[in-house]
Structures are given as C-alpha cells and as structure tokens.
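Following: one structure in structure tokens, then a few remarks.
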Amino acid sequence: MTVQATTSDLLARGAALLARVLEQPNLDAGILLAFSLGVPRVRLRSHPEEPRTPEDLERYLALIERRARGEPLAYITGIREFWTLELRVTRDVLVPRPETELLVERGLALCSSERARVVDLGTGSGAIALSLAAERPAWSVLATDASAAALAVARDNAGRLGLKVEFELGNWFDGLATRRFDLVVSNPPYVDARDPALLALKDEPRQALTPGADALADLRAIIQAAPEHLLAGGWLALEHGAAQGSAVARELVARGFGSVRSHRDLAGHERVTEGQWT
C-alpha cells in the first residue's frame, strides 16, 4: 500500500532541493508550499500531517525548480512585502529590497510638513511612494516612471491598498514642467553595466538596474535637475550602491546642496545620501 505524502513530507523535500543553492532553504520552501497549496503559512505548522495529493507535489516541485534556478521568490508568488505593505510585483519592476526601506525612513525624517509635496522618481512597483503615502496620508505624493508597464503595476498596488498617489509617465523630471516639491526621493539604476553582479539579477528588468558603463549617470542627472523642482529648504534623498556614497555626496555639494550626509543600511553600507536645497 502506498503511503500518502503529508505537508511535512513536501516541505522537507522542497527544503532539501533548495539547500543545494540557498543558505536558508526552509524559509523559501515554506513560502512556496503555502503559496502552491493556497493556505496560510501557519497552517503548514499547525497541520504538518495533513495528506497531500500527487498533484500537490507536482505543482510544488515546479515552483521549487524555478526558485532553484535563481528566479526571485517575489516573481514566483507575485507578492513582496515592503515597509508595512504587501505589494504585487511582476517582471516589469524590480523586486523591492529591505535596504530601500532606509530611503522611506529618511524621507519621513526629513520632511516635517503635514501637507508636504513629494515626488518619487522611477517608482517601479510604487514601493517608496506608497509607503510614504501610507505613513503620511495628507501628503501630496507623485510617482513617476519611464516604463508604462511599471507604472501600471504601481497604479494597481495603489488601488489595491487604497492609497492616494498621483502617477506620471516620464523619465525622472520629464513632464513635471515647473512643479516643485518639498522632498524628492529616488532609487535609480546605479549598477555598472560591466559588474558581474548583474548576472545574479538576470530575471529583473535591466533598465531599472544599470544606466550603462557610467554607474553614476542617472544619479548625476537627477542631482543636476533637482534644484529646478525643489522648494527652498527642500530635500533630495537618493539610494545608491554601497561604494558610491562619497561620489554622490560630492555631486550634491558641487551642485550647491547643503547639509549633505550619507546613511548606512542594516548591513553597514552607505546606502542613502541626502542634501538640502537652500
């Protein structure tokens, strides 16, 4: 007589397969099993001996195989948690990362006005703009992106979350005419096109990762144009690569920004640099 596999059996098999390529296979195995079964993750722990069908196993192993090939978990499930939000993500946008939450933190700290005007340049999934809107409902938040497909994802997230954000199709400040803001935030492409690290990011949109051989090109473009769109005393806060903090700070100072400083993420890397337009 064939013994029917249980939830615990599937979980163990998935974790064993992912252990070949991941340092923490149990977490991803659990997320993918709950997703494939359509149940909360807590049920995996509360009902470990629940019987599972061969179809359950086949569907689960197909997801495990995708993850083992390096596909981001968020693209497989279509969901990524960021700040306090659950965002929908597709291959049209970057997967929001924990270090980008530092940019949200800095934005909230820099702008004390109850009715601030804020723009998030290159919003992607809308992670930064929507997080700011969730924390400061009275703020006027605008999000731009050069990709219509990415902007559609961000709009969908805003609608699902019931958050009020304005969206504008365009590259950086394009289309914003003479509009000025109290706060400009951006997580632009900043990876050198020759960086081998891009190989590990092959599933994500390349145009959102690298500006080309000059890794600072987009950061520099934003810094140069920002003063025309900042109110007096307004702030520009930028995410950048771990080794780019000093270079970004120099660009800000050269452009005339004051109070320039960099902030480290939880891994200890300089990740966000800001400056005030006076």
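Being in a strand (DSSP E or B) and without any contact (Cβ under 8 Å) to a residue 24 or more places away in the chain is the filter here; which residues of region 227-263 pass it?
Here is the first cut: in region 227-263, the ones in a strand (DSSP E or B) are 230-239, 258-263.
Correct list: 258, 259, 260, 261, 262.
Mind telling me which of the residues 77, 84 ends up being exposed (fewer than 14 other Cβ atoms within 10 Å of the Cβ), in contact with a helix residue (DSSP H, G or I) (Cβ under 8 Å, 6 or more places away or on another chain) and not assigned by TED's automatic domain parsing to the domain that holds residue 239? Can you show your working first?
Details: 77 fails: exposed (fewer than 14 other Cβ atoms within 10 Å of the Cβ).
When all the criteria are applied, what remains is 84.
Quick test of your reading of the structure: residue 70 fulfils all but one of (1) in a helix (DSSP H, G or I); (2) out of contact with any strand residue (DSSP E or B) (no Cβ under 6 Å at 6 or more places or on another chain); (3) of a type in the set (Gly, Ala, Ser). Name the failing condition by number.
Residue 70 satisfies every listed condition except (1).
Check whether at least one residue in region 168-177 is farther than 22 Å from residue 151 by Cβ, assigned by TED's automatic domain parsing to the domain that holds residue 147 and either aliphatic (A, V, I, L, M) or surrounded by 15 or more Cβ atoms within 10 Å (Cβ to Cβ) (or both), and report yes or no.
So in region 168-177, the residues farther than 22 Å from residue 151 by Cβ come out as none.
Looking through region 168-177, none of the residues is farther than 22 Å from residue 151 by Cβ, assigned by TED's automatic domain parsing to the domain that holds residue 147 and either aliphatic (A, V, I, L, M) or surrounded by 15 or more Cβ atoms within 10 Å (Cβ to Cβ) (or both).
From the list 215, 225, which residue is modelled with pLDDT of 95 or more, crowded, with 20+ Cβ neighbours inside 10 Å and over 17 Å from the mean Cα position of the chain (by Cα)?
Selected residue: 215, the only one of 215, 225 that is modelled with pLDDT of 95 or more, crowded, with 20+ Cβ neighbours inside 10 Å and over 17 Å from the mean Cα position of the chain (by Cα).
When region 8-36 is examined, which residues are found to be more than 13 Å from residue 69 (Cα to Cα), buried (at least 16 other Cβ atoms within 10 Å of the Cβ) and of a type in the set (A, V, I, L, M, F, W, C)?
Correct list: 10, 11, 15, 29, 31, 32, 33, 34, 35.
Identify, by number, the condition in (1) farther than 30 Å from residue 278 by Cβ; (2) touching an Asp or Glu at 6+ places or on another chain (Cβ under 9 Å); (3) assigned to a helix (DSSP H, G or I) that residue 100 doesn't meet.
(1)
Which ranges mark the strands (runs of 3 or more DSSP E) fully within region 108-213 that have 3 or more residues being within 21 Å of residue 235 (Cβ to Cβ) and touching a residue at least 40 places away in the same chain (Cβ under 8 Å)?
117-121, 181-186
The values are calculated or read from the model by the stated rules, or taken from the named source; none is laboratory data. Please read all numbers here as calculations on a predicted model, not as lab measurements. Backbone-built Cβ (ideal geometry, glycine too); neighbour counts: all protein chains shown.
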